[in-house]
Structure formats: C-alpha cells, structure tokens
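Beneath this line is the structure, given in structure tokens, with notes to follow.
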Amino acid sequence: MTDMISCEEVFEADVNARAEFDVVCDEWLNEAIVAQDAEMDEPPTLECEGCGEVWFASQAGENGRIEWCRKCYKNDPYYV
Ligand SMILES: [Zn+2]
C-alpha cells in the first residue's frame with residue numbers, strides 16, 4: 001500500500017521548499033495583478049461601422065455597436 005503524500009506534508013518536512021513555494025506564489029499573484037492593471041489601462045475599443053474610427057466600447061449605443069460617430073458626421077458631404 002502506497003500512502004499519498006500531500007504537498008502540505010512535504011512542505012512541513014522542508015521549510016526551505018515551503019518558503020520558495022511561497023515566493024513563487026507571490027510572484028504569480030503580482031503578475032496577475034499587473035496583467036489586470038494593464039487591462040484597466042486599455043479599456044475595450046470598438047470600430048465605428050461607418051468610418052472605421054476606433055472609439056471606446058463604452059461609447060457604443062444600446063445595441064453595443066457604433067454605427068455612426070462624430071467623425072462620420074464631419075465626413076458627411078451633406079453636413080453644413
Ligand atoms: Zn464613424
């Protein structure tokens with residue numbers, strides 16, 4: 001019969017390994033937080049379907065699309 005040795009038991013037997021593991025865990029955590037921050041720095045964008053201008057997705061209409069924008073308005077030859 002083979003006893004399964006859990007990670008916790010291994011770490012209890014080797015304090016240094018436990019400390020190393022904790023450091024690696026902290027690094028992973030920090031990387032995850034940095035990745036999250038990067039995402040927050042760049043909000044989702046959406047292309048205007050009329051002219052291709054890129055706008056923030058938060059500026060989309062209720063249907064979640066940008067079919068027309070301020071730039072389209074300026075490009076409109078009938079706009080005076
Ligand atoms: Zn447009």
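Only the coordinates and a few stated rules stand behind these numbers; no lab work does. As the structure is a computational prediction, the values presented were derived from the model and not from experiment. So basically every Cβ, Gly included, is an ideal-geometry build from the backbone, and we count neighbours across all protein chains shown.
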query: Taking the simple approach of a point 7 Å from Cα along Cα-to-Cβ for both Lys74 and Phe21, what is their distance in nm?
result: 5.9 nm
field: Qualifying GluC sites (Glu not before Pro) for the stretch 24-78 [loop in DSSP, other Cβ within 10 Å: at most 13]
entry: Glu49, Glu62, Glu67
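Grab the beta carbon distance between Ser58 and Ala32, set R0 = 22 Å, and tell me the FRET efficiency rounded to 0.05.
Plugging the Cβ-Cβ distance into 1/(1 + (r/R0)^6) gives 0.35.
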task: Sketch the reach of a paramagnetic label on Glu67 as a point 7 Å from Cα along Cα-to-Cβ, and name the residues of the stretch 15-49 whose backbone nitrogen lies under 17 Å away.
output: 47-49
